[in-house]
Every structure is written in structure tokens, then in C-alpha cells.
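Participant: First the structure, then my questions, so here it is.
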Amino acid sequence: MTWPASPAEIARLIPHQGRMGLLDAVLTCTPTHISCRASSHHAADHPLRSPTGLLAPVGIEYAAQAMALHGALNAKPGVTGRPGFLASARGVTLHVPRLDDVAGVLMIEVEHLAGDQRQAMYRFALHDETGRPLVDGRATVVLDTPLPP
């Protein structure tokens with residue numbers, strides 16, 4: 001199976017569109033793990049950039065998009081994407097203060113730990129090309145929660 005290799009292919013699978021689509025490609029995907037690559041942290045017009053730069057907590061959003069993509073790629077045949085919301089982030093460690101000054105691409109690793117039809121728990125880690133840790137932690141996503149009108 002081939003994985004989405006461009007932001008446009010990824011955008012067809014997850015709700016994050018336009019500049020909010022932060023991932024470049026999927027490198028690997030199994031029923032319990034996904035590995036993605038991103039270079040959007042270098043963009044001067046990054047939608048989550050603050051006046052002082054792209055702060056490390058934004059790494060949680062990179063991980064959340066990888067979680068959404070993991071869910072979409074592992075959905076049962078005929079099942080469309082299910083809306084999900086990040087309910088909590090726990091045990092988060094910020095190993096760097098900012099992401100915009102990280103050279104090269106970001107590597108995003110997400111592991112599905114547990115879940116059912118209503119929620120999913122993941123462990124995530126962002127690192128640079130050399131393996132230097134940037135951000136890691138756990139997150140819980142609540143699924144099938146209707147969007148407000």
C-alpha cells in the first residue's frame with residue numbers, strides 16, 4: 001500500500017485544510033503506529049506562529065494531525081473520517097522552546113495505545129532528522145462528537 005506522499009493527498013483524508021494542513025507525507029503506517037514528516041515549521045506565515053516564533057507546544061497539533069491521519073488510514077473499508085477532538089494532552093515534555101528554528105524536517109511518531117468507538121489514546125513524539133527529541137507526551141481524542149452548527 002502506498003501512503004499519502006503530499007500535503008494535498010493528506011488533505012483529502014483529514015479535516016485540516018489549507019495552511020492548517022501541517023504534514024508533508026506519511027513514511028510508515030501500521031494499525032498501531034504512524035510516522036510522518038513535516039517542513040511547515042519553517043513557514044514565516046505558519047498559522048500557529050506567535051510574534052515570538054513557532055512555540056514548542058504547537059508540536060501537539062502536529063501530533064494531533066498525525067493521529068487523525070492514522071485513524072483515516074486505518075478506517076474500515078467504506079467508513080469515512082470520523083470527527084474527533086483533542087480532549088487532553090498529558091505528560092507533555094517540551095525539549096526545545098521553539099520549533100521554527102529546528103533545522104531540517106520534523107519527524108512525527110504516533111502510537112495508538114488504547115481506544116474504542118468513542119475515544120483513542122496515543123503516545124506521540126516529535127524529533128528532528130538527527131533524532132533529537134523536541135516534544136513528546138500522550139493525548140486522548142474523543143471521537144464522533146458532533147460539530148456545533
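Read-outs throughout are calculated quantities, based only on the coordinates presented, and are distinct from any laboratory measurement. These figures come from a predicted structure and were not determined experimentally. So basically every Cβ, Gly included, is an ideal-geometry build from the backbone, and we count neighbours across all protein chains shown.
Participant: Treating only the Cβ atoms of Lys and Arg (+1) and Asp and Glu (-1) as charged, compute the dipole magnitude of the chain about its Cα centre; round to the nearest 20 debye.
Facilitator: Values: 12 positive and 13 negative charges, 68 e Å.
For this selection, approximately 320 debye.
Participant: Here's a follow-up. Students often check this: by mean Cβ neighbours within 10 Å, which of 3-10, 133-140 ranks highest, and how do the rest follow? All intermediate terms of the calculation are to be shown ahead of the outcome.
Facilitator: Values: 3-10: 15.6, 133-140: 19.1.
Listed from highest to lowest mean packing, they are 133-140, 3-10.
Participant: If you don't mind, another one. Between the DSSP loop rule and a limit of at most 16 other Cβ atoms within 10 Å, which GluC sites (Glu not before Pro) in the range 58-130 are left? Write out the running numbers ahead of the final one.
Facilitator: Values: sites: Glu61, Glu109, Glu111, Glu129; in loops: Glu129.
When the GluC sites (Glu not before Pro) of the range 58-130 are filtered for loop state and at most 16 Cβ neighbours within 10 Å, Glu129 remain.
Participant: I've got another one for you. For a paramagnetic label modelled at 7 Å from the Cα of Met20 toward its Cβ, which residues of the range 100-121 fall within the zone defined by backbone nitrogen distances under 13 Å?
Facilitator: Answer for the range 100-121: none.
Participant: What per residue convex hull volume, in Å³, comes out for the chain when only alpha-carbon positions are used? Numbers along the way, then the final one.
Facilitator: Details: hull volume 17.9 nm³, N = 149.
With only Cα atoms used, the chain gives 120 Å³ per residue.
Participant: Go through the range 21-33 residue by residue and turn each phi into a ³J(HN,Hα) via Karplus (6.51, -1.76, 1.60, θ = phi - 60°); whole Hz please, and just put x for glycine and proline.
Facilitator: x, 9, 8, 8, 6, 9, 9, 8, 7, 10, x, 10, 8
Participant: List the residues, sorted by chain then number, that are 5 or more residues from Ala87 or on another chain and whose placed amide H is less than 5 Å from its amide H.
Facilitator: Those lying under 5 Å, H to H, from Ala87 are Thr140, Val141, Val142.
Participant: Then there's this: How many angstrom lie between the Cα centre of the range 1-54 and the Cα centre of the range 84-146?
Facilitator: After rounding, the separation between the Cα centres reads 13 Å.
Participant: Kindly express, to the nearest 10 degrees and within the range 0 to 90, the angle between helix 59-73's C-alpha long axis and the longest C-alpha principal axis of the chain.
Facilitator: 30
Participant: Next question, about the same structure. So, counting K/R as plus one and D/E as minus one, what does the shell of residues with Cβ under 15 Å around Arg19 add up to? Kindly include the intermediate steps, with their values, before the conclusion.
Facilitator: Values: positive: Arg49; negative: Asp24, Asp45, Glu61, Asp100.
My count for the surroundings of Arg19 gives -3.
Participant: Before anything else, pin down the relative contact order of the chain: Cα pairs under 8 Å, at least 6 apart, normalised by residue count, whole percent. Don't jump to the answer; show the numbers that get you there.
Facilitator: Working: 299 pairs, mean separation 35.0, N = 149.
Relative contact order here is 23 percent.
Participant: Now a separate question. Enumerate the calculated ³J(HN,Hα) couplings along the range 47-52 in order (Karplus 6.51 cos²θ - 1.76 cosθ + 1.60, θ = phi - 60°), each rounded to whole Hz, writing x wherever the residue is Gly or Pro.
Facilitator: Computed from phi, the couplings for the range 47-52 are x, 10, 6, 9, x, 9 Hz.
Participant: Here's a follow-up. Report, by chain and number, residues whose modeled amide H sits under 5 Å from the one on Leu55, excluding near sequence neighbours (fewer than 5 apart, same chain).
Facilitator: Under 5 Å from the amide H of Leu55: Ser50, Leu99.
Participant: Can you show me the helix-derived [θ] at 222 nm for the chain, built from DSSP H runs with n ≥ 4 at -39,500 (n - 2.57) apiece and divided by the number of residues, rounded to the nearest 500. List each step's numbers first, then the result.
Facilitator: Working: 2 runs with 20 residues, N = 149.
Per the formula, -4000 deg cm²/dmol.
Participant: While we're here: May I ask you to evaluate 6.51 cos²θ - 1.76 cosθ + 1.60, the Karplus curve with θ = phi - 60°, for each residue of the range 113-125 and list the ³J(HN,Hα) values in order in whole Hz, giving x for glycine and proline?
Facilitator: Working through the residues one at a time gives 9, 6, x, 8, 5, 9, 7, 9, 10, 10, 9, 9, 8 Hz.
Participant: Which net charge results when you count Lys and Arg as +1 and Asp and Glu as -1 among the other residues whose beta-carbon is under 9 Å from that of His127? Mind showing how you got there, number by number?
Facilitator: On the way: positive: Arg132; negative: Glu109, Asp128, Glu129, Asp136.
Around His127, the charge tally is -3.
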